[in-house]
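Asker: Can you read through this structure? Questions will come right after.
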Amino acid sequence: MGALLSAGGGAIVALSLLIWALSLRRTLTSERFERARAAQVAAARGAEIEHLAAVRVPAIAERTRTGQRLDGVPGPVATEADTGAEFARALAAVVTALGSDEAVRRERALRDSVQSAFESVARTMHAMATVQQQVLDKVERSIENPRLMAEVMKADHAAAQMTRKAQTLLVMCGIWPARRETRPVSLYDCVRGAQSRIVEFGRVEVHGGQTLFVVPPAVEGLMHAVAELLENATVFSPSSTQVVVTVREVGAGAVVEIDDAGLGMPPDVLHQATAQLRDDLDLTRLGAVPRLGLACVGRWSRELGFNVELTGASAYGGTRAVTFVPHRLLTEPLSRLTAPRREPAAAPQPAPYEPPRTTARPADPAPDLPAPDAAGPVPGGVPAPAPARCLIQK
């Protein structure tokens with residue numbers, strides 16, 4: 001009898017152990033499943049957050065900046081079942097808040113306020129520099145002392161820098177300078193005029209371009225753009241080196257090649273610089289300390305229809321900026337435009353001369369402005385053309 005009781009008790013114990021083992025196995029299996037499910041959800045949520053930061057938020061910001069709705073913005077990459085219902089609702093609420101009408105209004109107000117502030121500062125700077133240059137013009141006409149004249153010319157050149165900086169800000173605010181020229185200007189003189197608007201004008205050598213003429217409406221913009229490119233070339237190359245400008249005619253127009261002897265641009269920096277030329281960036285997207293030169297050149301190129309490329313192919317080891325001026329921005333010199341064309345004796349009257357390359361309409365008379373004097377000596381002993389005293393208009 002005792003043996004039976006002992007055997008029965010052992011069976012009960014064994015059965016209890018079996019039941020406990022099965023229960024423990026189910027518990028461990030359930031925990032493994034929960035851990036795997038939690039890992040899957042965490043991975044899906046992490047991927048969704050990365051997608052939100054890298055793709056969705058930039059797309060939302062771009063549409064918000066331009067005042068567009070969120071139509072076409074990429075959606076989530078994972079389903080609600082993968083990330084969890086609460087997470088999906090929270091993410092949708094974030095996206096809605098980022099692209100709300102209120103966010104669009106705030107972005108517009110911020111952009112408008114920044115542009116208004118820059119425009120106000122630029123107008124003030126431009127007005128002050130213009131008055132300063134007009135006064136210096138009068139002083140220069142009455143000075144006979146060469147040393148005093150040299151000091152006045154330095155002040156005039158400093159005012160020219162202020163004028164160009166103010167004009168750059170105004171262009172970035174969408175305000176274009178009034179046209180100054182009423183007659184064609186050679187590309188050589190355009191480059192020389194641009195040379196007179198930069199600080200280190202004495203380091204620039206200009207070759208060619210005397211026989212290529214720019215239509216009057218394009219002179220100011222082309223001169224301003226070349227001045228910004230020359231400024232970059234002199235700033236980012238050793239002060240002991242020269243910046244060489246070569247102007248030559250090509251089949252479809254003319255090119256202005258600017259070569260510096262700096263260290264060149266790494267590929268990533270060259271890509272960023274090219275993007276500034278290509279993309280129409282506003283002031284709010286140029287960083288805390290914006291560099292406006294290339295962005296301004298890009299705006300001028302789109303406005304007038306010329307093209308600017310940056311390469312590392314300079315023969316001097318630095319960077320080359322190539323400005324292509326198409327035929328429609330070129331014309332003949334005024335002497336040829338006004339000269340009558342010879343006709344055969346049988347013709348009753350000579351026909352007016354038709355310029356072969358210009359497509360621009362005749363220029364309207366520009367407002368009377370003070371006659372500019374030279375901004376300072378340049379290589380070769382010939383005075384550089386004075387910086388443009390241009391009026392600014394919307």
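Asker: Could you tell me whether Thr246 is out of contact with any helix residue (DSSP H, G or I) (no Cβ under 7 Å at 6 or more places or on another chain), in a strand (DSSP E or B) and open to solvent by 10 Å² or more (accessible area, probe 1.4 Å)?
Answerer: On the way: out of contact with any helix residue (DSSP H, G or I) (no Cβ under 7 Å at 6 or more places or on another chain): yes; in a strand (DSSP E or B): yes; open to solvent by 10 Å² or more (accessible area, probe 1.4 Å): yes.
The answer is yes for Thr246.
Asker: Considering each residue of region 187-212, count those that are assigned to a strand (DSSP E or B) and either at positive phi or buried (at least 17 other Cβ atoms within 10 Å of the Cβ) (or both), and give that number. Can you show your working first?
Answerer: Within region 187-212, the first condition is being assigned to a strand (DSSP E or B), and the residues that meet it are 204-207.
Within this subset, residues satisfying the condition of being either at positive phi or buried (at least 17 other Cβ atoms within 10 Å of the Cβ) (or both) are 204, 206.
Going through region 187-212 one residue at a time, the tally reaches 2.
Asker: Tell me the residue from Glu62, Glu34, Glu50 that is at pLDDT 80 or above and either in a helix (DSSP H, G or I) or touching a Phe, Trp or Tyr at 6+ places or on another chain (Cβ under 6 Å) (or both), please.
Answerer: Working: Glu62 fails: at pLDDT 80 or above; Glu34 fails: at pLDDT 80 or above.
Just a single option satisfies the conditions, and that option is Glu50.
Asker: Taking Val55 as the residue in question, decide whether it is open to solvent by less than 70 Å² (accessible area, probe 1.4 Å), touching a Ser or Thr at 6+ places or on another chain (Cβ under 7 Å) and modelled with pLDDT of 70 or more. So that I can check it myself, show each step before the final result.
Answerer: On the way: open to solvent by less than 70 Å² (accessible area, probe 1.4 Å): yes; touching a Ser or Thr at 6+ places or on another chain (Cβ under 7 Å): no; modelled with pLDDT of 70 or more: yes.
No: the conditions fail for Val55.
Asker: Is it the case that some residue within region 137-160 is open to solvent by less than 10 Å² (accessible area, probe 1.4 Å) and within 25 Å of the chain's Cα centre (by Cα)?
Answerer: yes
Asker: Against the definition (modelled with pLDDT of 85 or more and surrounded by 21 or more Cβ atoms within 10 Å (Cβ to Cβ)), how does Leu230 come out, yes or no?
Answerer: On the way: modelled with pLDDT of 85 or more: yes; surrounded by 21 or more Cβ atoms within 10 Å (Cβ to Cβ): yes.
So Leu230 passes the test.
Asker: Hey, among Gly264, Gly251, which residue is touching a residue at least 40 places away in the same chain (Cβ under 8 Å), open to solvent by 10 Å² or more (accessible area, probe 1.4 Å) and not aliphatic (A, V, I, L, M)?
Answerer: Values: Gly251 fails: touching a residue at least 40 places away in the same chain (Cβ under 8 Å).
The conditions single out Gly264.
Asker: Step by step: first the residues of region 284-312, then only those that are among the charged types (D, E, K, R) and modelled with pLDDT under 90, then the one that is least open to solvent (accessible area, probe 1.4 Å). Which residue is that?
Answerer: The first filter runs over region 284-312 and keeps only residues among the charged types (D, E, K, R), leaving 285, 291, 299, 302-303, 309.
After this cut, where a residue has to be modelled with pLDDT under 90 as well, the list is 285, 291.
Working: Arg285: 104, Arg291: 139 Å².
In this case the residue turns out to be Arg285.
Asker: Then there's this: If you check every pair at least six apart or on different chains, which have Cβ atoms under 8 Å apart with a residue in region 189-211 that is touching a residue at least 12 places away in the same chain (Cβ under 8 Å) and under 18 Å from Thr246 (Cβ atoms) first and a residue that is polar (S, T, N, Q) and assigned to a helix (DSSP H, G or I) second?
Answerer: From region 189-211, the pairs are Ile198/Gln161; Ile198/Thr234; Phe201/Gln195; Arg203/Thr234; Val204/Gln195; Val204/Thr234; Val206/Gln195.
Asker: Regarding Glu220, is this residue in a helix (DSSP H, G or I) and open to solvent by 10 Å² or more (accessible area, probe 1.4 Å)? Please lay out each step first, then the result.
Answerer: Values: in a helix (DSSP H, G or I): yes; open to solvent by 10 Å² or more (accessible area, probe 1.4 Å): yes.
For Glu220, the condition - in a helix (DSSP H, G or I) and open to solvent by 10 Å² or more (accessible area, probe 1.4 Å) - is met.
The values are calculated or read from the model by the stated rules, or taken from the named source; none is laboratory data. Just so you know, these numbers come straight off a predicted model, no measurement behind them. FYI the Cβ positions are ideal-geometry reconstructions off the backbone, even for glycines, and counts take in every protein chain you see. Areas reflect the complete protein model, heavy atoms only, side chains present, ligands, DNA and RNA absent. Shrake-Rupley method; radii C 1.70, N 1.55, O 1.52, S 1.80 Å.
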